[in-house]
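K.L.:
Here's a structure for you.
The values are calculated or read from the model by the stated rules, or taken from the named source; none is laboratory data. Keep in mind that what you see is a predicted model, and the values were worked out from it rather than measured. Methodologically, a virtual Cβ is constructed for each residue, glycine included, from the backbone with ideal geometry; neighbour enumeration extends over all protein chains shown. Surface accessibility is based on the protein's heavy atoms, side chains included, excluding ligands, DNA and RNA. Shrake-Rupley method; radii C 1.70, N 1.55, O 1.52, S 1.80 Å.
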Amino acid sequence: MKATVKKFLRCTFPILLVSLILALFSVSAFAEEADPGDTWWSLDMETGILYVDGDVPQCDYWLGYYPPWYEWREAITEVRISEGVEEIGDDGFAECSNMTKVTLPSTLKTIGDHAFVYCYELTAFSVDEKNPYFTSDDQGVLYTKDMKKLLICPGGFTGKLVIP
């Protein structure tokens with residue numbers, strides 16, 4: 001009996017060890033990709049205002065990497081991003097279907113792909129006038145600072161869009 005157990009352990013131990021190492025590597029890689037880093041956020045459930053302080057992590061819905069507020073996305077009606085934030089990652093606010101307004105700080109440098117996709121009620125972007133990269137017009141449309149490129153027309157925009 002002892003010999004059989006020893007033989008079994010000798011044969012299976014390397015397999016178990018390799019499996020354990022691969023499992024730990026997989027969990028570590030997933031946690032690193034999904035980690036929102038230094039992003040602090042809070043959602044006022046009464047007003048629906050999401051306050052974000054820290055770069056918005058890059059998300060990937062196909063791979064299951066969601067923003068930290070994803071569970072409450074339908075309760076979000078407005079987003080206010082703090083000064084100091086420089087980046088909104090891909091899909092950062094995707095599927096916040098009841099969002100109506102976004103306030104962007106002067107420090108924002110990049111907005112990822114599909115950052116505001118499926119925000120059907122979004123009617124206005126408001127950009128700090130000191131932002132050197134982005135601006136919004138009186139219709140709430142987001143442009144590059146020089147107004148030469150229209151970046152995002154809010155999903156809930158209605159009426160006639162006048163492009164400069």
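K.L.:
Taking Ile21 and the conditions (1) over 13 Å from the mean Cα position of the chain (by Cα); (2) among the aliphatic types (A, V, I, L, M); (3) modelled with pLDDT of 75 or more, which numbered condition does it fall short on, given that it satisfies the others?
P.N.:
Status for Ile21: all satisfied but (3).
K.L.:
Which residue pairs have Cβ atoms under 8 Å apart, sit 6 or more places apart or on different chains, and have a first residue in region 70-95 that is farther than 19 Å from Pro154 by Cβ and among the β-branched types (Val, Ile, Thr) and a second that is open to solvent by less than 10 Å² (accessible area, probe 1.4 Å) and part of a loop (DSSP other than H, G, I, E, B)?
P.N.:
Val85/Pro105; Val85/Leu108
K.L.:
Of all residues being part of a loop (DSSP other than H, G, I, E, B) and open to solvent by 90 Å² or more (accessible area, probe 1.4 Å) in region 36-45, which is modelled with the lowest pLDDT? Just the residue, please.
P.N.:
Only one residue tops the list, namely Asp38.
K.L.:
Sticking with this structure for a sec: Any chance region 50-72 includes a residue that's in contact with a helix residue (DSSP H, G or I) (Cβ under 7 Å, 6 or more places away or on another chain) and at pLDDT 90 or above?
P.N.:
no
K.L.:
Can you work out which of the residues in region 46-92 that are open to solvent by less than 10 Å² (accessible area, probe 1.4 Å) and in a loop (DSSP other than H, G, I, E, B) is nearest to Ala115 (Cα to Cα)?
P.N.:
Applying the filter and picking the extreme gives Gly92.
K.L.:
Of the numbered conditions (1) farther than 22 Å from Gly48 by Cα; (2) touching a residue at least 12 places away in the same chain (Cβ under 8 Å); (3) in a loop (DSSP other than H, G, I, E, B), Leu151 fails exactly one; give the number of that condition.
P.N.:
(3)
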